[in-house]
Amino acid sequence: MSSDNSVSIDISPMKDNDKNNNEKYNPPQEFRTIYKGTFNQPLQRMWRIIYDDGRLPIEERETFLEEYTLIGKTDFNCTDWEAPDKSQHTDSYHPTPIKKGWKRNISYIMDINSPIGPKHTRTSAEEEINVFEPTKILFESTSSTPDVPYGSYFNTIIIQYLYEDEVTHETTFEVYGFIRWNKSCVVKKSIEKFAYDGMIDHQKEMDQALNKYIKENPNPKYIENQNNNLVYDNILEIKEKELEKNHYNPLNYCSSSLANTFNSSTSNYIHSPERLKYHEKIMKLKNKMYHRTHSPNTNTTITTYSSSSLENKKWIVFTSMMVILFYILFATNTTIPPFDTENQTH
């Protein structure tokens, strides 16, 4: 059984106009149609709703990330979009410089609802832009899930195509999928069926969630102005200065992109009924170490997380308990001279 790792896929759009004179996308023949839907929102807002990276404070951006995308996922990490030569990078809210060939990487741990196999799996994906225009966006996402059975044998490739109608300004969202095999597998057909069914179910749920979100939030939550039109690297510093000015401890504002996912402004948080829930999330985050690396050559900042902080604390407690236990055992085993009744004076 041959593998598909030698297949070269060109996802460039074939220009074919539909009856409304809108440009139609025809995917490569290897791909299956997973989803097609239309939303009464312009392309720019749909991009920010679906592909938000959690970089801006929560009160300054769309919140579909928290309300749908991150449900059932932990240890979420997302890099900036970056140019092929590493000379430029930007977040999803300031996409002006993005062009063909720009990439970003996403990783997280995902819950699995399956009666057999693991209950969680690591997931990583690389997304690459093919077309990025005011009324049209096309990009490819290649993901891997190494912890599932035969997970190292294949990659899932998703093509996502969004275009805005020039008359109605509605955005059509199309998704196409393909399983690329890296090794031969005797259960290939079963895995492909499970994978494609999972993609379709996921997009059905996402469609319902998007329509609900847009109905509840008909207007954009993000407005370009001089206060929030910032590059990501400056947001944390400005936010901390704002908190210090208002006599709040900057530590209340967690300095990480993931923490910003759960952040609301401290001034609103103090008397908020969500205080307990928010504080619980922050404490969980503080149990994870994060490391921010900044490359002067690429001007790129990436935040990574690990749970080694909590593990280190457990190891310290365990070591301390063992030392105390050995001390007690040593003390109880020390030889004590017997009581000499013959030499005792009466």
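List of remarks:
- Residue check, Asn113 within 21 Å of the chain's Cα centre (by Cα) and either on the phi > 0 side of the Ramachandran plot or part of a loop (DSSP other than H, G, I, E, B) (or both): yes
- One residue stands out among those in region 70-104 that are in a strand (DSSP E or B) and of a type in the set (A, V, I, L, M, F, W, C): the one that is farthest from the chain's Cα centre (by Cα), which is Trp81.
For (1) within 23 Å of Ile159 (Cβ to Cβ); (2) surrounded by fewer than 17 Cβ atoms within 10 Å (Cβ to Cβ), each residue gets a yes or a no:
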| position | (1), (2) |
| --- | --- |
| Tyr51 | yes, no |
| Arg55 | no, no |
| Glu67 | no, yes |
| Thr74 | no, yes |
| Cys78 | yes, no |
| Asp85 | no, yes |
| His89 | no, no |
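- Scanning region 114-142 for residues that are open to solvent by less than 30 Å² (accessible area, probe 1.4 Å), of a type outside the set (Asp, Glu) and within 23 Å of Ser92 (Cα to Cα) returns Thr123, Ala125, Ile129, Asn130, Val131, Lys136, Ile137, Leu138, Phe139, Ser141.
- Matching option when the condition is hydroxyl-bearing (Ser, Thr, Tyr), open to solvent by less than 40 Å² (accessible area, probe 1.4 Å), over 13 Å from Lys36 (Cα atoms) and touching a residue at least 12 places away in the same chain (Cβ under 8 Å), among Tyr196, Tyr150: Tyr196
The values are calculated or read from the model by the stated rules, or taken from the named source; none is laboratory data. Values in this document were obtained by computation on a predicted structure and should not be read as measured data. Cβ coordinates were reconstructed from backbone atoms using ideal geometry, including for glycine residues, and neighbour counts include every protein chain displayed. Protein only, heavy atoms only, side chains kept; ligands, DNA and RNA dropped before computing areas. Shrake-Rupley method; radii C 1.70, N 1.55, O 1.52, S 1.80 Å.
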